[in-house]
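Q: Mind looking over this structure? Questions follow.
The values are calculated or read from the model by the stated rules, or taken from the named source; none is laboratory data. Bear in mind that the values here come from a model prediction, so they are computed numbers and not experimental data. Reconstructed Cβ throughout: ideal geometry from the backbone, glycine too, with neighbour counts over all protein chains shown. Heavy atoms of the whole protein, side chains included, go into the accessibility calculation; ligands, DNA and RNA do not. Shrake-Rupley method; radii C 1.70, N 1.55, O 1.52, S 1.80 Å.
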Amino acid sequence: MEWVNAVVQGTLLGGLYALFAAGLSLIFGVMRLVNIAHGDLIVLAAYLALSTAAGLGLHPLAALTVVVPAMAAAGYALQRGLINRTMGGDILPPLLVTFGLSVIIQNGLLMGYTADPQKLQAGTLETASLSALGLTVGVLPLLTFALAVAVIGALQWMFYRTALGRAFRATSDRQDVAQLMGLNRAHVFGLAMALSLAVTALAGVLLGIRTAFDPAGGGARLIFGFEAVIIGGLGNLWGTLAGGVILGVAQAVGGQIHPGFQILAGHLVFLAVLAVRPRGLFPKMEG
Amino acid sequence: MPEALLAIDGLDVFHGDFQALYGIAAEVAPGEMVAVIGANGAGKTTLLRAVAGLLGRRAAAIRWKGRPIGGMRADRVAALGIALVPEGRLLFPSLSIEENLLIGGRMGRRGPWDLAAVYRLFPILRERRGFAPAQLSGGQQQMAAIGRALMANPELILIDEISLGLAPVAIRQLYEVLPGIVGEGMAAVIVEQDTTRALAVTRRFYCLQEGRVALAGASGSVTREAIGRAYFGV
Ligand SMILES: Nc1ncnc2c1ncn2[C@@H]1O[C@H](COP(=O)(O)OP(=O)(O)OP(=O)(O)O)[C@@H](O)[C@H]1O
Ligand SMILES: [Mg+2]
């Protein structure tokens, strides 16, 4: 039963990892940008929720109404004002800029909030649980997983069923020809980053309710997000969800074997997948 | 000649250090069909890409209805009503045929062209609308690329290498529909390897040679020898 429980908990945790990964996957898909600051932006969103919840006396989930639009707007501005200027040609400059951004965010948070771990206070949501078939699962992990499925489904729909999604895919395919369709690449990239950081905001708030966070915590979230994307296969959003679940289950089962083995087990499964299927388990079908 | 829709004057274009166009001068009147011919590497593609806003810097070198547009961003040029059918067609591989057409029409410019009109022009595209571009023949891909440009309801369509690499039957089909779509509200510039065909369907032509206009004039009255000289510089 412990093992079944570990798999269930790991699956639900995978939802959170999928949310870490979705924004990363989105911007890589649209503009081939690897955002090293992604994890720090998740943590930044958690801090933003902390201040919003404290300042306005809101529940952290209600703070999403502020944090999501704020992160989206910041993403658009960041892309147009900074990252776009480094794009085109070499992949190294944007990589270095996001690395620099990562350092700036970490140090900014350190100055603003100190290194003390913080947590978002969500009242009964933190402890509420449901029991069935001899298993007990927390409401928060369930909610997180449901939101992950909803977000991935919505992104998938947006990508393949809407004009915005067409613009993203066309720009991803051929940037110069996309311009000929009247698409301003700088704006399209801005929208992609806005969307990515909107998802990141949700991920950050759910993370902050689930566990304590501190300014240095971005790196681990970036790695988990990366691993989920790579395990699932680049360019496949449902694959990213699967990748998150595989990573979550690997960690939970690893933790069941030995508590110290939890994180390592995740990395080992990631490496195993990479060794056997370098393009991930569900790579995008090329047309 | 009526007032020029597009007027190019003193256009120099560089690929890095390499100068591909030298002081090009050319005009296109509303509703007119113009051919651009020339040997491989003469600069035909460079010229069309410069007009479309993908290359070039100096604003005054290209005028649209009198307004300088040289060096303007390609998406802004497109919004003015200039559509390019690029060499090699360059459909979006991850979009279906219908999505390729829809994205061509995303600017919402008014005019006769919409999905239904393009499907009437090229019925095969309706049949293949859910397919990926790679699943279509070269001729069908060219139809989709032309349809994608028409969807923008442009006032000027630039078609680079309309028949290159296509089967003879596909070429004939394209040339059959061409006169019907140009005229009234839309002018066309076509780049073509087959000069005889190009001269047959157009009113005027420009022949480029090593980045310069070597010869220009009325398509109907030019001699083969003159074209030959302008082509190869012999
Ligand atoms: N991206 C580029 N970088 C460097 N040189 C280029 C580039 N594109 C074209 N050129 C050069 O510019 C000149 C003109 O090329 P362009 O493609 O415009 O010719 P073209 O007339 O379209 O030829 P073709 O009939 O082969 O399509 C050629 O000498 C070509 O080698
Ligand atoms: Mg060419």
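Q: Considering only the range B:105-133, how many residues are touching a helix residue (DSSP H, G or I) at 6+ places or on another chain (Cβ under 7 Å), among the aliphatic types (A, V, I, L, M) and within 14 Å of another protein chain (Cβ to nearest Cβ)?
A: 2
Q: A further question follows. So A:GLY235 fits all but one of (1) in contact (Cβ under 8 Å) with a residue 24 or more places away in the chain; (2) outside any loop (DSSP other than H, G, I, E, B); (3) of a type outside the set (Lys, Arg); what number is the exception?
A: (2)
Q: So which residues in the range B:180-212 are more than 16 Å from ligand 2 (Cβ to nearest atom), among the aliphatic types (A, V, I, L, M) and touching a residue at least 40 places away in the same chain (Cβ under 8 Å), if there are any at all?
A: B:ILE181, B:VAL182, B:MET186, B:ALA187, B:ALA188, B:LEU199, B:VAL201 - these are the residues of the range B:180-212 that are more than 16 Å from ligand 2 (Cβ to nearest atom), among the aliphatic types (A, V, I, L, M) and touching a residue at least 40 places away in the same chain (Cβ under 8 Å).
For every residue, the table says whether it meets (1) buried (at least 17 other Cβ atoms within 10 Å of the Cβ); (2) under 19 Å from A:ARG221 (Cβ atoms); (3) not aromatic (Phe, Trp, Tyr).
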residue	(1), (2), (3)
A:PRO117	no, yes, yes
A:GLN121	no, no, yes
A:SER131	no, no, yes
A:GLY138	yes, no, yes
A:GLY165	yes, no, yes
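Q: Would you pick out the residues in the range B:117-132 that are of a type in the set (Lys, Arg) and assigned to a loop (DSSP other than H, G, I, E, B)? Spell out how you get there, then give the answer.
A: Here is the first cut: in the range B:117-132, the residues of a type in the set (Lys, Arg) are B:120, B:126, B:128-129.
Of everything in the range B:117-132, those that are of a type in the set (Lys, Arg) and assigned to a loop (DSSP other than H, G, I, E, B) turn out to be B:ARG128, B:ARG129.
Q: Checking the structure you have, find out if any residue of the range A:56-64 is farther than 30 Å from A:THR136 by Cβ and of a type outside the set (Asp, Glu).
A: Scanning the range A:56-64 turns up at least one residue that is farther than 30 Å from A:THR136 by Cβ and of a type outside the set (Asp, Glu).
Q: State the number of residues belonging to the range B:29-47 that are near ligand 1 (Cβ under 8 Å from one of its atoms) and open to solvent by less than 30 Å² (accessible area, probe 1.4 Å).
A: Applying the first criterion (near ligand 1 (Cβ under 8 Å from one of its atoms)) to the range B:29-47 yields B:38-47.
In the following step, the residues that additionally are open to solvent by less than 30 Å² (accessible area, probe 1.4 Å) were identified as B:38-39, B:42-44, B:46-47.
Residues meeting the conditions: 7.
Q: Which of the numbered conditions does B:ALA26 fail, given that it passes all the others? Conditions: (1) within 23 Å of B:ARG203 (Cα to Cα); (2) among the hydrophobic types (A, V, I, L, M, F, W, C); (3) open to solvent by less than 10 Å² (accessible area, probe 1.4 Å); (4) within 16 Å of ligand 1 (Cβ to nearest atom).
A: The number of the failed condition is (3).
Q: Which residue is least open to solvent (accessible area, probe 1.4 Å), if the candidates are limited to the range A:144-163 and must be over 30 Å from A:VAL8 (Cβ atoms) and more than 7 Å from every other protein chain (Cβ to nearest Cβ)? Walk me through it before giving the result.
A: Let us first name the residues in the range A:144-163 that are over 30 Å from A:VAL8 (Cβ atoms), namely A:160-163.
Still in the list and also more than 7 Å from every other protein chain (Cβ to nearest Cβ): A:160-162.
Numbers: A:TYR160: 81, A:ARG161: 173, A:THR162: 24 Å².
If we take residues in the range A:144-163 being over 30 Å from A:VAL8 (Cβ atoms) and more than 7 Å from every other protein chain (Cβ to nearest Cβ), then A:THR162 is least open to solvent (accessible area, probe 1.4 Å).
Q: Among the residues of the range B:1-23, write down those that are open to solvent by 30 Å² or more (accessible area, probe 1.4 Å), touching a residue at least 12 places away in the same chain (Cβ under 8 Å) and within 13 Å of ligand 1 (Cβ to nearest atom).
A: Passing the criteria: B:ASP12, B:HIS15, B:GLN19, B:TYR22.
Q: May I pose another question? Do you know which residues across the range A:87-117 are touching a Pro at 6+ places or on another chain (Cβ under 7 Å) and assigned to a helix (DSSP H, G or I)? Explain how you work it out, then say what you get.
A: Filtering the range A:87-117 for residues touching a Pro at 6+ places or on another chain (Cβ under 7 Å) gives A:87, A:106, A:109-110, A:113, A:115.
Once the filter is applied, which keeps residues that are touching a Pro at 6+ places or on another chain (Cβ under 7 Å) and assigned to a helix (DSSP H, G or I), the range A:87-117 yields A:GLN106, A:LEU109, A:LEU110, A:TYR113.
Q: Restricting the range B:65-79 to residues that are among the aliphatic types (A, V, I, L, M) and free of Cβ contacts under 8 Å to residues at least 24 places away in the same chain, which is most open to solvent (accessible area, probe 1.4 Å)?
A: Keep residues of the range B:65-79 that are among the aliphatic types (A, V, I, L, M), which gives B:69, B:72, B:74, B:77-79.
From what's left, free of Cβ contacts under 8 Å to residues at least 24 places away in the same chain: B:69, B:72, B:74.
Numbers: B:ILE69: 6, B:MET72: 35, B:ALA74: 2 Å².
Selected residue: B:MET72.
Q: Based on this model, can you work out whether B:GLU99 counts as within 11 Å of another protein chain (Cβ to nearest Cβ) and of a type in the set (Asp, Glu)? Give the derivation first.
A: Values: within 11 Å of another protein chain (Cβ to nearest Cβ): yes; of a type in the set (Asp, Glu): yes.
Yes.
Q: Same structure again: Being more than 8 Å from ligand 1 (Cβ to nearest atom) and modelled with pLDDT of 90 or more is the filter here; which residues of the range B:49-62 pass it?
A: Taking the range B:49-62 and keeping what is more than 8 Å from ligand 1 (Cβ to nearest atom), we get B:50-62.
Residues satisfying the conditions are B:ALA50, B:VAL51, B:ALA52, B:GLY53, B:LEU54, B:LEU55, B:ALA61, B:ILE62.
Q: Next question. Give the residues of the range A:164-196 that are within 13 Å of chain B (Cβ to nearest Cβ) and polar (S, T, N, Q), sorted by residue number.
A: Answer for the range A:164-196, where residues must be within 13 Å of chain B (Cβ to nearest Cβ) and polar (S, T, N, Q): A:THR171, A:SER172, A:GLN175, A:GLN179, A:ASN184.
Q: When you scan the range B:36-46, do you find a residue that is within 16 Å of ligand 2 (Cβ to nearest atom), within 14 Å of chain A (Cβ to nearest Cβ), under 30 Å from A:VAL30 (Cβ atoms) and not acidic (Asp, Glu), even just one?
A: Taking the range B:36-46 as the starting set, the residues that turn out to be within 16 Å of ligand 2 (Cβ to nearest atom) are B:36-46.
From what is left, the residues that are within 14 Å of chain A (Cβ to nearest Cβ) are B:45-46.
Cutting the leftovers down to under 30 Å from A:VAL30 (Cβ atoms) gives us B:45-46.
Still in the list and also not acidic (Asp, Glu): B:45-46.
Scanning the range B:36-46 turns up at least one residue that is within 16 Å of ligand 2 (Cβ to nearest atom), within 14 Å of chain A (Cβ to nearest Cβ), under 30 Å from A:VAL30 (Cβ atoms) and not acidic (Asp, Glu).
Q: State whether the residues of the range B:85-99 include one that is within 16 Å of ligand 2 (Cβ to nearest atom), in contact (Cβ under 8 Å) with a residue 12 or more places away in the chain, open to solvent by 10 Å² or more (accessible area, probe 1.4 Å) and more than 17 Å from B:ALA152 (Cα to Cα). Before the answer, list the steps.
A: So the first thing to find is which residues in the range B:85-99 are within 16 Å of ligand 2 (Cβ to nearest atom), and the list is B:85-90.
Now drop any that are not in contact (Cβ under 8 Å) with a residue 12 or more places away in the chain, which leaves B:85-90.
Pick out the ones that are also open to solvent by 10 Å² or more (accessible area, probe 1.4 Å) and you get B:87-90.
Filter again for more than 17 Å from B:ALA152 (Cα to Cα), leaving B:87-88.
Yes - at least one qualifying residue is present in the range B:85-99.
Q: When you go through B:PRO168, B:PRO154 one by one, which is the residue that is within 14 Å of the chain's Cα centre (by Cα) and more than 16 Å from ligand 2 (Cβ to nearest atom)?
A: Values: B:PRO168 fails: within 14 Å of the chain's Cα centre (by Cα).
On inspection, the qualifying residue turns out to be B:PRO154.
Q: For the range B:1-116, which helices (runs of 4 or more DSSP H) that fit wholly inside it have 2 or more residues that are more than 13 Å from B:LEU158 (Cβ to Cβ)?
A: Details: elements: B:44-51, B:74-80, B:97-104.
Where helices (runs of 4 or more DSSP H) fall fully within the range B:1-116 and carry at least 2 residues being more than 13 Å from B:LEU158 (Cβ to Cβ), they are B:74-80, B:97-104.
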